[in-house]
1. Filter the range 72-104 down to residues that are closer than 17 Å to Thr141 by Cα, out of contact with any Ser or Thr (no Cβ under 8 Å at 6 or more places or on another chain), among the hydrophobic types (A, V, I, L, M, F, W, C) and in contact (Cβ under 8 Å) with a residue 40 or more places away in the chain, then give me how many there are.
2. Of all residues in the range 161-183, count the ones that are at negative phi and more than 12 Å from the chain's Cα centre (by Cα).
3. Restricting the search to the range 1-57, which residues are without any contact (Cβ under 8 Å) to a residue 12 or more places away in the chain and under 14 Å from the mean Cα position of the chain (by Cα)?
4. Restricting to the range 146-169, name every residue that is of a type in the set (Ser, Thr, Tyr) and modelled with pLDDT under 95.
5. Kindly provide the set of residues from the range 177-193 that are small (Gly, Ala, Ser), out of contact with any Lys or Arg (no Cβ under 9 Å at 6 or more places or on another chain) and touching a residue at least 24 places away in the same chain (Cβ under 8 Å), ordered by number.
6. Within the range 129-153, how many residues are closer than 20 Å to Leu193 by Cβ and either open to solvent by 20 Å² or more (accessible area, probe 1.4 Å) or among the small types (Gly, Ala, Ser) (or both)?
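The values are calculated or read from the model by the stated rules, or taken from the named source; none is laboratory data. This structure is a prediction, so every number in the text was calculated from the model and none was measured. FYI the Cβ positions are ideal-geometry reconstructions off the backbone, even for glycines, and counts take in every protein chain you see. Surface areas here come from the heavy atoms of the whole protein model, side chains and all, with no ligands, DNA or RNA. Shrake-Rupley method; radii C 1.70, N 1.55, O 1.52, S 1.80 Å.
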Amino acid sequence: MLIDRKFRVARIWSNSVLKEIAPKVSGRVVNVSGWKDDDKQGRKYKEYFTNSDDYTLTNYKSEARGFQGLPNEIFLDLQSEIGEDLRQKFDCVFNHTVLEHIENVQDAFANLCSLSKDLVIVVVPFLQEQHADYGDFWRFTPLTLKYLYKSNGLEPIYVNYNDDKRSSIYILAVASRKPDQWTSIRSLGSNKLLKDGFIGKRIIS
């Protein structure tokens, strides 16, 4: 399937950044997916997390069973209360371009954080045309992510964003409940985390 350049460039960029971060993550990883585990470049995101002990996917509803291509998928609605059996079940929660499609985004973000005992990695659009017939409600700034992470007890440790012309602009951010243990991510040269109250900015000219 061909993807329009304005969407493809940002996806390829976010995949390249995730490839730098994901191998540093161990333990149990969950991709809280809107559908498939497909990176849209011919690979599965599971392949990125080379040091994980366990990799799980979630989907929105059981009618989508089987599309993900992995066993033991979990079905959950990010706008509904997360069951106690899933709270802090995973060491890392990964979520790619899903949050913009959820009406009650603050509850959804809180639920993502509740699934993790440590890391939460999100990829969200900052600049992108409205798309998808199933709802497209939100765009995110770096300060929005900082607020959402801190509101849920996590400390931002990494932020990055692409800066391509005639393309969507994505933000990839990582936060942790144990930030002092993640020098390997904080010290990456691609980290644009700032100390002046911002965790990155996009200048539009």
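1. Counting residues in the range 72-104 that are closer than 17 Å to Thr141 by Cα, out of contact with any Ser or Thr (no Cβ under 8 Å at 6 or more places or on another chain), among the hydrophobic types (A, V, I, L, M, F, W, C) and in contact (Cβ under 8 Å) with a residue 40 or more places away in the chain gives 1.
2. 16
3. Across the range 1-57, the qualifying residues are Ser16, Asp38.
4. Across the range 146-169, the qualifying residues are Tyr161, Ser167, Ser168.
5. Result: Ser190, single match.
6. 9
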